[in-house]
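J.: What follows is a single structure, and I will ask about it in a moment.
The values are calculated or read from the model by the stated rules, or taken from the named source; none is laboratory data. What you see is a predicted model, and the numbers here were worked out from it, not measured in a lab. All Cβ positions, even for glycine, are placed from backbone atoms using ideal geometry, and neighbour counts span all protein chains on display.
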Amino acid sequence: MSNGKKLLACPYVIWSAVFIIIPLCMVFYYGLTDKSGAFTMANIAAIATAEHAKALWLSILLSLISTVICFLLAYPLAMILCNLNVNQHSFIVLVFILPMWMNFLLRTLAWQTLLEKTGVINNILGFLHLPTLNIINTPYAIILGMVYNFLPFMVLPLYNVLVKIDKNVINAARDLGANSIQTFFKVILPLSVPGIISGITMVFVPALTTFVISTLLGGSKILLIGNVIEQEFTQTGNWNLGSGLSIVLMLFIIINMVATAIFDKEGTGTAL
Amino acid sequence: MNKLIDLQHITKTFDSNTVLDDMNLYIRENEFLTLLGPSGCGKTTTLRIIGGFENPDSGSVIFDGQDITSLAPNKRQVNTVFQKYALFPHMDIAENIAFGLKIKNKSKSYIDDKIKYALKLVNLDGYERRMPDSLSGGQQQRIAIARAIVNEPKVLLLDEPLGALDLKLRQDMQYELIRLKNELGITFIYVTHDQEEALTMSDTIVVMNQGYIQQIGTPEDIYNEPENAFVADFIGDSNILDSIMIRDELVEILGARFACVDTGFGENTPVDVVIRPEDVELVEPENGTIEGVVTHIIFKGVHYEMEVTANGFEWLVHSTRMFAVGTKVGIHVDPFNIQIMHKPESEDEEAVGVNE
Ligand SMILES: Nc1ncnc2c1ncn2[C@@H]1O[C@H](COP(=O)(O)OP(=O)(O)O)[C@@H](O)[C@H]1O
Ligand SMILES: [Mg+2]
């Protein structure tokens, strides 16, 4: 690397130091000490308490469900996108990306308004004399919020791998006698594994750590691990406990990423 | 003769671009038939229609007496070797070759035997466990062929299979393909834009241009008796001259009269004349039909390639005798080496099908 390039990398190095490395060190420092500054594992062990374990379990469950739903929606969508011609294509992508330009909080707030007991959706349903929808402040609303917000992160990596599959490889499968279902399971699906892996990671991780979606759509009754940590920092003011629980959550994320990386290597040999 | 595949009145249009226009072509059993033409003339499209990857707008595809125009590709008794190999990148070589057989639920021992046999046939024994991307282009190409032939298709479709290989490998593979064809005793439909390849390998050549068949014939027919200027120009080097057919067996080329063997063109009819460079004989100036001057010479190994300006035309000449630049020479052509062709009456007709 030339000196000029090194110089250009400087802002990035400073940026990562200030906003990634230092905060990370602080999280570890607070997580592994008590209020007096002495070393302790108590903050980490606190995950085992019934309340925290339940929040973590619920977070994992809801994130898993959301990830599966995102996958089931995104895969056909990505396949359709791949088969469109250029004009239709950019239109659909635009329709799809448009809501992404809106702030994440606003989007979730919009869903709150839509889903409320006397919200837009129920007004319309009532007007049509249909039974009303009471999912606000339930786990269903949280799943809806997660799927809505994180779906693009599943579609994008899937689209990227699917669009790169050589059409003639698919034709070759058909040519050798495979019907469309066999072609899908023997060729298209295995070749898209790298995209599936990164899609899963990109949905599961933010879903696992979110607290905004659960706060806005789950009311105050449903606590996810993200909410618990947030409250320790902002309400209880116990930074040590908040950091300890964050470390546990980080551990889960790292386990998830390592597991997918290993699965990826064994499963396909095509992913880099 | 038995028609194995019969394409009847095939027309195919891609958004207002007519790629094939009322094409009629049949392929006999055990034939090595080559579709030859410049890039974009519709060769791949023809092959894709036979393979079932493209539906013609009109016309029908008859296979062994059955109409298969709208039959799905996986139900057809043909296999394709695609232009860029199209091996399955996530499977090793053995799995690639076994793909079609597994779909057909063949027994494991049958499949294993077939893999061995096919790898031997393409000279790649022992490659079972290699991944496609660890193979060279030529090896991948041979695997693609092996993958197709283990299914024992009645017809093998090959789309410029040697296009991506270098010259030496291409020539080796041409012989391999001819050997394979003879060993397997199946029909080959081969697509190429390389006239040498077509002349070397084919039983029958179909010369195409802009979606029309220009000429169908054996390599010798196509080379020695091109039916129009396009075919003459496309197949090998040639001198194509504006001429007038004075009467039967006499043609006026560049103002000089040459004896020829063609008849039936009428009197004083404008025609195109093709003379191959190796058929132009350079003699003493006073012994030639017309007189010219050598303007250019290159040594080509087997022969010298010369340009001779005579009566305002640059003649391309191949000869084993050398004439220095500036030498005055006479040009003589034997009557049976003068190929007379009808002139196209319009731009359109230049690309119109010539059906026998
Ligand atoms: N799927 C397609 N959509 C639009 N045009 C196509 C398509 N396939 C082929 N063409 C056009 O048809 C013409 C013939 O193509 P092709 O059969 O591939 O020619 P060749 O194989 O002789 O080079 C070209 O002009 C090409 O651009
Ligand atoms: Mg082509």
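J.: From A:163, A:187, grab the single residue that is within 14 Å of chain B (Cβ to nearest Cβ) and either within 27 Å of residue B:48 (Cβ to Cβ) or among the basic types (Lys, Arg) (or both). Let's see the steps before the verdict.
T.: On the way: A:163 fails: within 14 Å of chain B (Cβ to nearest Cβ).
That would be A:187, the only listed residue that is within 14 Å of chain B (Cβ to nearest Cβ) and either within 27 Å of residue B:48 (Cβ to Cβ) or among the basic types (Lys, Arg) (or both).
J.: Is it true that residue B:79 is facing chain A (nearest Cβ under 9 Å) and part of a strand (DSSP E or B)? Full working, then the answer.
T.: Working: facing chain A (nearest Cβ under 9 Å): yes; part of a strand (DSSP E or B): yes.
Yes.
J.: On to the next question. Return the residue satisfying two criteria in turn: it lies in region B:118-139 and is in contact (Cβ under 8 Å) with a residue 12 or more places away in the chain and within 14 Å of chain A (Cβ to nearest Cβ), and of such residues it is farthest from ligand 2 (Cβ to nearest atom).
T.: B:129
J.: Pick out the one residue from B:231, B:207 that is at pLDDT below 95 and either within 16 Å of ligand 1 (Cβ to nearest atom) or crowded, with 22+ Cβ neighbours inside 10 Å (or both). I'd like the intermediate steps shown before the answer.
T.: Values: B:207 fails: at pLDDT below 95.
Of B:231, B:207, the one residue that is at pLDDT below 95 and either within 16 Å of ligand 1 (Cβ to nearest atom) or crowded, with 22+ Cβ neighbours inside 10 Å (or both) is B:231.
J.: Right, something else. Sort out which residues of region B:1-13 are buried (at least 19 other Cβ atoms within 10 Å of the Cβ) and out of contact with any Pro (no Cβ under 8 Å at 6 or more places or on another chain), and write them in order of number.
T.: Let us first name the residues in region B:1-13 that are buried (at least 19 other Cβ atoms within 10 Å of the Cβ), namely B:4-5, B:7, B:10, B:12.
Passing the criteria: B:4, B:5, B:7.
J.: Scan (1) among the small types (Gly, Ala, Ser); (2) more than 16 Å from ligand 1 (Cβ to nearest atom); (3) surrounded by fewer than 21 Cβ atoms within 10 Å (Cβ to Cβ) for the single condition residue B:16 breaks and write down its number.
T.: (2)
J.: Report yes if some residue within region B:248-271 is closer than 21 Å to residue B:209 by Cα and surrounded by 14 or more Cβ atoms within 10 Å (Cβ to Cβ); otherwise report no. Talk me through it step by step, then tell me what you get.
T.: Residues of region B:248-271 closer than 21 Å to residue B:209 by Cα: B:271.
Checking which are surrounded by 14 or more Cβ atoms within 10 Å (Cβ to Cβ) leaves us with B:271.
Yes, there is a match, as at least one residue in region B:248-271 is closer than 21 Å to residue B:209 by Cα and surrounded by 14 or more Cβ atoms within 10 Å (Cβ to Cβ).
J.: Here is a further query. Of all residues in region A:166-181 being at the interface with chain B (Cβ under 8 Å from one of its Cβ atoms) and out of contact with any helix residue (DSSP H, G or I) (no Cβ under 6 Å at 6 or more places or on another chain), which is surrounded by the most Cβ atoms within 10 Å (Cβ to Cβ)?
T.: So the residue we want is A:172.
J.: Among the residues of region A:203-226, which ones are more than 17 Å from residue A:253 (Cβ to Cβ) and either touching a strand residue (DSSP E or B) at 6+ places or on another chain (Cβ under 8 Å) or of a type outside the set (A, V, I, L, M, F, W, C) (or both)?
T.: A:214, A:215, A:218, A:219, A:220, A:221, listed by residue number.
J.: Got at least one residue in region B:140-152 being surrounded by fewer than 18 Cβ atoms within 10 Å (Cβ to Cβ) and either within 24 Å of residue A:188 (Cβ to Cβ) or within 12 Å of another protein chain (Cβ to nearest Cβ) (or both)? Quick ask: steps written out before the conclusion?
T.: Going through region B:140-152, the residues surrounded by fewer than 18 Cβ atoms within 10 Å (Cβ to Cβ) turn out to be B:152.
Those still in the list that are either within 24 Å of residue A:188 (Cβ to Cβ) or within 12 Å of another protein chain (Cβ to nearest Cβ) (or both) too: B:152.
Yes, some residue in region B:140-152 is surrounded by fewer than 18 Cβ atoms within 10 Å (Cβ to Cβ) and either within 24 Å of residue A:188 (Cβ to Cβ) or within 12 Å of another protein chain (Cβ to nearest Cβ) (or both).
J.: Here is a list of conditions, (1) under 30 Å from the mean Cα position of the chain (by Cα); (2) away from ligand 2 (no atom under 16 Å from the Cβ); (3) surrounded by fewer than 18 Cβ atoms within 10 Å (Cβ to Cβ); (4) not hydrophobic (A, V, I, L, M, F, W, C), and residue B:113 meets all of them except one; can you say which number that is?
T.: Of (1) under 30 Å from the mean Cα position of the chain (by Cα); (2) away from ligand 2 (no atom under 16 Å from the Cβ); (3) surrounded by fewer than 18 Cβ atoms within 10 Å (Cβ to Cβ); (4) not hydrophobic (A, V, I, L, M, F, W, C), only one is false for residue B:113: (1).
J.: When you check residue B:194 against the structure, is it under 25 Å from residue B:303 (Cβ atoms), within 16 Å of ligand 2 (Cβ to nearest atom) and of a type outside the set (A, V, I, L, M), yes or no? Talk me through it step by step, then tell me what you get.
T.: On the way: under 25 Å from residue B:303 (Cβ atoms): yes; within 16 Å of ligand 2 (Cβ to nearest atom): yes; of a type outside the set (A, V, I, L, M): yes.
So residue B:194 fits the description; yes.
J.: Follow-up. May I ask you to list the residues in region B:68-83 that are crowded, with 17+ Cβ neighbours inside 10 Å and more than 16 Å from ligand 2 (Cβ to nearest atom)?
T.: B:68, B:69, B:73, B:74, B:76, B:78, B:79
J.: Counting only residues that are under 13 Å from residue A:62 (Cα atoms), crowded, with 23+ Cβ neighbours inside 10 Å and either among the basic types (Lys, Arg) or within 10 Å of the chain's Cα centre (by Cα) (or both), how many does region A:137-149 have?
T.: 1
J.: List pairs: first in region B:153-182 and under 21 Å from residue B:101 (Cβ atoms), second part of a helix (DSSP H, G or I) and not hydrophobic (A, V, I, L, M, F, W, C), Cβ under 8 Å, 6+ apart or cross-chain?
T.: These pairs meet every condition: B:157/B:51.
J.: Can you find a residue that is within 15 Å of ligand 1 (Cβ to nearest atom), assigned to a strand (DSSP E or B) and within 14 Å of another protein chain (Cβ to nearest Cβ) anywhere in region B:82-97?
T.: No, because not a single residue in region B:82-97 is within 15 Å of ligand 1 (Cβ to nearest atom), assigned to a strand (DSSP E or B) and within 14 Å of another protein chain (Cβ to nearest Cβ).
J.: Something else about it: Which residues, taken from region B:19-67, are surrounded by fewer than 16 Cβ atoms within 10 Å (Cβ to Cβ), of a type in the set (Ser, Thr, Tyr) and away from ligand 2 (no atom under 16 Å from the Cβ)?
T.: Result: B:58, B:60.
J.: When you go through B:101, B:121 one by one, which is the residue that is at pLDDT 95 or above and in the same structural domain as residue B:10 (by TED's automatic domain parsing)?
T.: Going through B:101, B:121 in turn, the sole match is B:101.
J.: Now for a separate question. How about region B:31-83: which of its residues are under 30 Å from residue B:233 (Cα atoms) and of a type in the set (Gly, Ala, Ser)?
T.: Within region B:31-83, B:37, B:39, B:40, B:42 meet the criteria.
J.: Something else now. Residue pairs, Cβ under 6 Å, 6 or more apart or interchain, first in region B:23-49 and within 14 Å of chain A (Cβ to nearest Cβ), second near ligand 2 (Cβ under 10 Å from one of its atoms). List them.
T.: Within 6 Å, the pairs are B:44/B:159; B:47/B:159; B:47/B:191.
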